[in-house]
Amino acid sequence: MPISKAQVLAWLGNLDAVYAAKKGYLTELDAAIGDADHGINMHRGFSKVMEKLPGVADKDIGEILKTVGMTLMSSVGGASGPLYGTFWMKGGMAVAGKDALSVADFLRFLETGVEGLRQRGRAEPGDKTMYDLWAPVLTEARTFAQNGDDAAALAEALVPVGEKALAATIPLQARKGRASYLGPRSVGHQDPGATSSFYMLETLREALR
């Protein structure tokens, strides 16, 4: 089964609720190795997204996702705004004109969005960034797309991969962003950006169930 426009809108609504609920936790994670503002920024950004969505709810999915990206780019501070803004904007452009997303379409959205944020952040595997979550998730999505076409089953498959990748950021030493200034002291802390990315997987799963 493909992902409908209603499910995409539900996904975004779920994300807004989760970022509101997890604002304190994400900020706590960021306080250990960053600017202590990640939760605040993600909550503010998705609050702005929810304000914009009624104006594009009748548009195609690509336009909706592009709007998410542009809104985050203009409203989220720090590194997260450009990174997440690029992810949603580039991903949305990759599925322009679509009113439903097949697994192949969703894979194209992921591939384009992840490559956009990788280039924007100049991230490599092991840098202790959100890319350390998205790289294995993308590998799993590619494998799934070769064998299945049920988007809900794909979402179910991606969550445990993301969960494992998220935990794997804890022992890494940061090599990008403010966290890199801490050197070895960044070891032992879960990456905030990978955490907020993981919520994208969980909320997608819920929207498709």
Between the alpha carbon centres of segment 144-209 and segment 98-117 the gap in Å comes to 17 Å
Choose one of Phe46, Ala123, Ser4: the residue whose Cα lies farthest towards the positive end of the charge dipole of segment 3-208 (beta-carbon charges +1 Lys, Arg; -1 Asp, Glu; about the Cα centre).
Ala123
In a solvent-free Debye calculation with one equal scatterer on each Cα, what is log10 I(q)/I(0) for the chain at q = 0.10, 0.11, 0.17 Å⁻¹, listed in the order of the q values?
-0.38, -0.46, -1.15
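Among Asp191, Asp35, Asp58, which comes first, then next, by fewest other beta-carbon atoms within 10 Å? Walk me through the numbers before you get to the answer.
Working: Asp191 32, Asp35 18, Asp58 9.
With the fewest neighbours first, Asp191, Asp35, Asp58 line up as Asp58, Asp35, Asp191.
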For segment 3-208, the dipole about the Cα centre with charges only on Cβ (Lys and Arg +1, Asp and Glu -1), to the nearest 20 debye, works out at 600 debye
Quick one: how many lysine pairs in segment 3-208 have C-alpha atoms under 12 angstrom apart, if they're 8 or more apart or on different chains?
6
Helix-derived mean residue ellipticity, 222 nm - over the chain, DSSP H n ≥ 4, -39500 (n - 2.57), to 500:
-22500 deg cm²/dmol
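Bear in mind that the values in this text are calculations on the coordinates, not laboratory data. Values in this document were obtained by computation on a predicted structure and should not be read as measured data. Positions of Cβ are generated from backbone atoms using ideal geometry, with glycine treated the same way; all protein chains shown enter the neighbour counts.
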